[in-house]
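So the structure is just underneath, and the comments pick up after that.
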Amino acid sequence: MKTNLYIFLLLCFACLSCTERIDIDTDDMEDKVSIFGELDASKDHQSISVNKTAPYFSKEDNAPITDARVTITSEDNEVWTLSYVDNGKYETTDELTPLEGKKYTLKVVCDYNNDGIKDIFTSTVKIPIKAKLNSIEYVPDKMVYDIYNATIYCGDPGGERYCMYKFYNNGELITPQLSDWLIADIQFWNKNGDINGLFCYFFFDKKNYDKFSDDEQDDYLFVDPGDSVTIEMSMIDKGYYDFISQCQTELHGENPIFGGPAANIVTNIDNGAYGYWGAVNYVKKSNIIPQKE
Amino acid sequence: MKKVKIRNVVSRRPDKDKKCFVFSLICFFILSNFYSLNCNAENIDNTTAKDSIVQLSGRVMNMNKEPLIGATVYFKEVNKGVITDDNGKFYLKLRNGLYTVEVSYVGKSKVFKLNTRKEHNPIFKIEDNTNLDEVIVTADREDKNVTSLNIGAHNVSLSSISKMPQMMGEVDVVKAIQLLPGVQPTSDGGAGFSVRGGGSDQNLILLDNSTIYNASHILGLFSVFNNDVIKGADLYKGDMPMRFGGRLSSLLQIHTKDELVPKFTMNGGIGLLASRLTIESPIGEKTSIIVGGRRSYADLFLKMDKDHKDDDLYFYDANIKVLHKFSNKNILEFNGYIGKDLFGMGGVQTCYYGNSTISLIWKKIFSDSFSMNLGSNMSHYGYGLESNLKNSEMKWKADITDYSGFINFLNLVGDKMELNYGITGTFHLFNPGIVTQPKYDDFQLPKRNALEYSFYIENKHHITSHFSAKYGLRVTSYNNVGKGLIYNFDENHNFTDSIQHNSGVYNTYVRVEPRIGLVYQLNETSSLKADYVHNVQFMQIANNSSAGSPLDMWFCAGPNVKPQEADIFSVGYFRNFKENMYEASCELYYRKVKNGIDFADHAELLLNKKMEGELRIGSGKAYGLELMVRKNSGNLTGFINYTLSRSTRKAEEINDGKEYLTPYDRTHCINMCASYKLNPKSTISATFIYSTGSPTTYPVGRMKIGDEYYPIYSKRNEYRKPSYNRLDLAWTYNLSYNKKRKWKDEITFSIYNVYNHHNAWTISYDSDETGPYAEKVYLFGLLPSITYNFKF
């Protein structure tokens, strides 16, 4: 709800504002470790990425850490080892399908700054309950241009009431980056009842694609009538909700109207690492974008 | 001696601005001393006069020898004033002597010398004000800069505002206020302002005694004050009149016109963005009414585009004032204001916000030495968001309402003391938000009520002819009353439990605010001033951004939130030149804040029932130097001012508990504003602004998630945005000069940001195939405008 409001009011301001690139001079921070991954109960193999941080304006990509020892340990002390694949990505070699309600601990051991000392970074997460997603509906509507409201119907999720969504159009993930993911704090809805028609996002009709600026075309999602659009929904804990929210808020710097001062994104990994290890439990539902009457 | 002393003081300043600070001071004092050689001070001292009492019977007329009703006649040496009656006459008992008399009438004032030994029936002639280009509103003495007991106080005249270059042609008193020394806009083009390093919510903004909680139209591009209905504005930086309180930084009083009008007049203007119309009319002999309104019309153009024909984008405001003078000593006035902004997108989503106020004030002069002001008022600010998206119908509303009353007495005790005392009380109703949806329960943030009342007494004491003081106390009791759900938090700001209060007073803060001011008049043209004030603030905005938004909602002190308190020390040297044609001042201030409120990193402030858990309490300080030179009369008028300042905060958990710059810190700021009358028909004016860039937090590193780079930031406000500078120009042409017609009109051409400097509103970050980069987001490039103003 608040996201919609921000989009709406920022559109008003966007009409007035212009941008131009500038050079700013900042001190570069020393190298640190950044770790990111999701422990996904809907998958039988898990992965994380381990990289070094880099000066913000560096033209070089963040350097991958290739020689880390990465393990995941269940609360029953079962251990899985993740092997390096490429580009900083580590993947379980054995099958690991995390169980709902169980806790798992990630451990990354590496000498990221070549000081001869192997540093240890750990994080523990709990697999959330599966969302009781019954169906999704796409309702034709209009907000200046034709739109389709994605509306979900689901049972009471209980527990912490934070969720995230990803969308696929005809099988292709159309929200591949973290900044595209949708999150919701559904505290506004009945605590002890089904969610019957929760608006979660809207898609613009692709027929108006050319009426949007390049940036808007990058930011918004477009669909055609007849497309099969799938929602992937997971309940998440508040920590992961905050992390995604902070990433999306901080990605482009401070917002002088609706945001506070720029601040560092809070991690759940210890020992000074950046990033997050989240736990998800996805469920999918699909429906067809209807023809507009 | 003075120079040496000040140099010694500043030599202990460790910061890098020391050289500039010293240089500025030296320049100022050299300038002062240079001028002092050329000025002949005429010192009139009537306090030693032992002559007998004389009954004066005088008259005030215009140049056509018509009596002026309601003109103010002020005798400087004895601080006494009277108002002319229906025949333009006035009566006053005085000791015989030589007096400086200032006569003011609807925007015009003139100073006369009067020797009562020779003249008992003076006739003062003064121009009355009928031309559009001759509006100078001041009820102040011309040497107020020197003689006033206030430090850090400014009066903004209508003439200076109306001749200033304006963005999109809309004359704006708040934009004029932002040009004063020590005052900064909180964002480019915004209506919010910071005074001496304080937040925008630390300013009390009053329109005819009623609080305006959000003074902006169109997200801050314009203020809510219609220049056609206002008489002027007074800004008090820290040291506000004793009757007022509740804010740490300043009081901005906007006064609407308060004179009986002799005939029906209409004035207005047509601009690119909005038009306005104001009607003033007498109703009988003792009553007059002013009704004014503005309305923007961007939405009318939107409707020409078929894609936006259902969109709405407008603001409007309306003022009404009814003034009834039972006599010149018994006046009743009613004021009303309503304003609204609305943004609507295709009839699907709508956002609106607005203020409304009403006030009723009774002014009664019982005798030459005793008068009373009694009043009550209501203020309301609210916003709403409505969504009609299918399956997502929703209404979100929030508001704050105040019901206030006051009684104020002014008692002159002898010739030397002026006692001001009274009571004020306000009942605040906070409704921080309710969300209603057809399918679900309402989501209501906890409402709060508070009763705030104050007793105050102040004495302005003219101890000798050269030395005056004001001193007083304000005692305020702030009570949380009625129903209130209070959430409690542990030392880590985690929610622990809640308490539901259902009635009565469940929390009280009593605070004493002493205020003292001294002025030592070195001679008729210069003075030294000093003051100390202690201000307390019981309510503040839940907003963490620098610019502010329409969704800002106020929250009050309570069991978890202590009142913010500030100790403010100021000293100043004030000097006028060439019979008050030039005014100069140099002020130094130091401000220390206790229980200062900031918000946690990533604070969730909207629709958060446990918002108080996001507060981080700390301390703050600000200090600075303000230099100002103003030219008040002649073809060339205007001012230049320079501010050197610093503003810092320190709060738990923010910036690792270390001190950091506030968003309102500007090391250097220069404002120049000049207006030159080319001929009776044409006036050109210019405004130039330079300030150090505002503090900001830049990324110093990045982490990679997927294909995106997420910034890792520096310490809070460790860097600064690029400096801000802008030049605006305007040309006003009087179309009706020398034409014998009732219809007076003029046209103003303005260019905002003449050299199209792209001032950073914010810095954003993005990346492309070459890697991350920074972008400057700016709001206004070169912006020409044209406005047509009329009056008849």
With respect to residue A:259, is the statement that it is facing chain B (nearest Cβ under 8 Å) and either in a loop (DSSP other than H, G, I, E, B) or among the charged types (D, E, K, R) (or both) true?
yes
State whether the residues of the range A:62-71 include one that is within 24 Å of the chain's Cα centre (by Cα), of a type in the set (A, V, I, L, M), buried (at least 19 other Cβ atoms within 10 Å of the Cβ) and within 22 Å of residue A:166 (Cβ to Cβ).
no
Residue pairs, Cβ under 7 Å, 6 or more apart or interchain, first in the range A:210-233 and within 12 Å of chain B (Cβ to nearest Cβ), second assigned to a loop (DSSP other than H, G, I, E, B). List them.
A:212/A:220
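From the list A:104, A:138, which one is more than 14 Å from chain B (Cβ to nearest Cβ) and aromatic (Phe, Trp, Tyr)? Write out each step before concluding.
Numbers: A:138 fails: more than 14 Å from chain B (Cβ to nearest Cβ).
None of the other options fit; the residue is A:104.
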Among the residues of the range A:204-212, is there at least one that is farther than 14 Å from residue A:147 by Cα, surrounded by 15 or more Cβ atoms within 10 Å (Cβ to Cβ) and not polar (S, T, N, Q)?
no
Just one of (1) of a type in the set (Val, Ile, Thr); (2) in a strand (DSSP E or B); (3) over 30 Å from residue B:540 (Cβ atoms) trips up residue B:254, so point out which.
(3)
Residue in the range B:479-496 that is in contact with a strand residue (DSSP E or B) (Cβ under 8 Å, 6 or more places away or on another chain), part of a strand (DSSP E or B) and under 19 Å from residue B:576 (Cβ atoms) present
no
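Looking at the range B:693-746, what strands (runs of 3 or more DSSP E) fall wholly within it and have at least 1 residues that are at pLDDT 90 or above and away from chain A (no Cβ under 11 Å)?
Numbers: elements: B:699-705, B:708-713, B:724-734.
Those strands (runs of 3 or more DSSP E) span B:724-734.
Pick out the one residue from A:266, A:280 that is of a type in the set (A, V, I, L, M), within 28 Å of residue A:157 (Cβ to Cβ) and more than 8 Å from chain B (Cβ to nearest Cβ). Outline the logic, then answer.
Details: A:266 fails: more than 8 Å from chain B (Cβ to nearest Cβ).
So the residue among A:266, A:280 that is of a type in the set (A, V, I, L, M), within 28 Å of residue A:157 (Cβ to Cβ) and more than 8 Å from chain B (Cβ to nearest Cβ) is A:280.
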Please go through the range B:620-653 and give me each residue that is of a type outside the set (S, T, N, Q), outside any strand (DSSP E or B) and more than 14 Å from every other protein chain (Cβ to nearest Cβ), ordered by number.
B:634, B:652
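Could you say which residue among B:321, B:286 is surrounded by 21 or more Cβ atoms within 10 Å (Cβ to Cβ) and closer than 30 Å to residue B:259 by Cα?
Values: B:286 fails: surrounded by 21 or more Cβ atoms within 10 Å (Cβ to Cβ).
Every option except B:321 fails the conditions.
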Every pair of residues 6+ apart whose Cβ atoms lie under 8 Å, when the first sits in the range B:651-662 and is of a type in the set (Ser, Thr, Tyr) while the second is assigned to a loop (DSSP other than H, G, I, E, B) and surrounded by 12 or more Cβ atoms within 10 Å (Cβ to Cβ):
B:660/B:715; B:660/B:716; B:660/B:717; B:660/B:718; B:662/B:197; B:662/B:199; B:662/B:717
Given the conditions (1) surrounded by fewer than 23 Cβ atoms within 10 Å (Cβ to Cβ); (2) under 26 Å from the mean Cα position of the chain (by Cα); (3) closer than 28 Å to residue B:185 by Cβ; (4) more than 14 Å from chain A (Cβ to nearest Cβ), which single one is not true for residue B:617?
(2)
Counting just the residues of the range A:243-256 that are more than 13 Å from the chain's Cα centre (by Cα) and not acidic (Asp, Glu), which one comes out farthest from the other protein chains (Cβ to nearest Cβ)?
A:255
Every listed condition ((1) modelled with pLDDT under 95; (2) more than 30 Å from residue B:579 (Cβ to Cβ); (3) acidic (Asp, Glu)) holds for residue B:513 save (1)
Please go through the range A:74-128 and pick out each residue that is surrounded by 16 or more Cβ atoms within 10 Å (Cβ to Cβ) and aliphatic (A, V, I, L, M).
A:82, A:96, A:106, A:108, A:125, A:127
Screening A:172, A:137, A:160 for residues that are among the acidic types (Asp, Glu), in contact with a strand residue (DSSP E or B) (Cβ under 9 Å, 6 or more places away or on another chain), surrounded by fewer than 21 Cβ atoms within 10 Å (Cβ to Cβ) and modelled with pLDDT of 85 or more leaves only A:137
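Modelled with pLDDT under 95 and within 26 Å of residue A:272 (Cα to Cα): is that true of residue A:51 in this structure? Walk me through it before giving the result.
Working: modelled with pLDDT under 95: no; within 26 Å of residue A:272 (Cα to Cα): yes.
Criteria not met by residue A:51.
Quick grid of which residues meet (1) assigned to a strand (DSSP E or B); (2) under 13 Å from the mean Cα position of the chain (by Cα):
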{"site": "B:164", "(1), (2)": "no, no"}
{"site": "B:168", "(1), (2)": "no, no"}
{"site": "B:171", "(1), (2)": "no, no"}
{"site": "B:179", "(1), (2)": "no, yes"}
{"site": "B:188", "(1), (2)": "no, no"}
{"site": "B:194", "(1), (2)": "yes, yes"}
{"site": "B:197", "(1), (2)": "no, no"}
{"site": "B:201", "(1), (2)": "no, yes"}
{"site": "B:204", "(1), (2)": "yes, yes"}
Name every residue in the range A:28-53 that is at the interface with chain B (Cβ under 10 Å from one of its Cβ atoms) and surrounded by fewer than 23 Cβ atoms within 10 Å (Cβ to Cβ), in order of residue number.
A:28, A:29, A:30, A:31, A:32, A:49, A:52
Is at least one residue of the range B:118-139 of a type in the set (Lys, Arg), surrounded by fewer than 20 Cβ atoms within 10 Å (Cβ to Cβ), modelled with pLDDT under 80 and more than 29 Å from the chain's Cα centre (by Cα)?
yes
Considering the range B:535-572 alone, what residues qualify as being out of contact with any strand residue (DSSP E or B) (no Cβ under 7 Å at 6 or more places or on another chain), of a type in the set (Ser, Thr, Tyr) and in contact (Cβ under 8 Å) with a residue 24 or more places away in the chain?
B:546, B:549
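Provide a single number: the residues in the range B:747-756 that are under 27 Å from the mean Cα position of the chain (by Cα) and in a loop (DSSP other than H, G, I, E, B).
At the first step, the residues of the range B:747-756 found to be under 27 Å from the mean Cα position of the chain (by Cα) are B:748-754.
Now drop any that are not in a loop (DSSP other than H, G, I, E, B), which leaves B:753-754.
Looking only at that region, the number is 2.
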Matching residues, the range A:268-293, being closer than 19 Å to residue B:702 by Cα and crowded, with 22+ Cβ neighbours inside 10 Å
A:273, A:274, A:275, A:276, A:277
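Among the residues of the range B:417-426, are any within 14 Å of chain A (Cβ to nearest Cβ), out of contact with any Lys or Arg (no Cβ under 6 Å at 6 or more places or on another chain), crowded, with 17+ Cβ neighbours inside 10 Å and of a type in the set (A, V, I, L, M)?
Of the residues in the range B:417-426, the ones within 14 Å of chain A (Cβ to nearest Cβ) are none.
Scanning the range B:417-426, I find no residue that is within 14 Å of chain A (Cβ to nearest Cβ), out of contact with any Lys or Arg (no Cβ under 6 Å at 6 or more places or on another chain), crowded, with 17+ Cβ neighbours inside 10 Å and of a type in the set (A, V, I, L, M), so the answer is no.
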Residue pairs qualifying under the 8 Å Cβ cut-off, at least six apart or on distinct chains, with the first in the range B:750-766 being within 11 Å of another protein chain (Cβ to nearest Cβ) and the second being of a type in the set (Phe, Trp, Tyr) and surrounded by fewer than 18 Cβ atoms within 10 Å (Cβ to Cβ), are B:765/B:773; B:766/B:773
Name the single residue that is modelled with the lowest pLDDT among those in the range A:205-262 being under 25 Å from residue B:706 (Cα atoms) and among the aromatic types (Phe, Trp, Tyr).
A:220
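Please verify whether residue B:714 is small (Gly, Ala, Ser) and in contact with a helix residue (DSSP H, G or I) (Cβ under 9 Å, 6 or more places away or on another chain), treating the condition exactly as stated. Even if it seems obvious, please write down each step before you answer.
On the way: small (Gly, Ala, Ser): yes; in contact with a helix residue (DSSP H, G or I) (Cβ under 9 Å, 6 or more places away or on another chain): no.
Considered against the rule, which asks whether it is small (Gly, Ala, Ser) and in contact with a helix residue (DSSP H, G or I) (Cβ under 9 Å, 6 or more places away or on another chain), residue B:714 comes out as no.
The values are calculated or read from the model by the stated rules, or taken from the named source; none is laboratory data. On a predicted model such as this, the values are computed, not experimentally measured, just so you know. With ideal geometry, Cβ positions are generated from the backbone for all residues, glycine too; neighbour counts draw on all protein chains shown.
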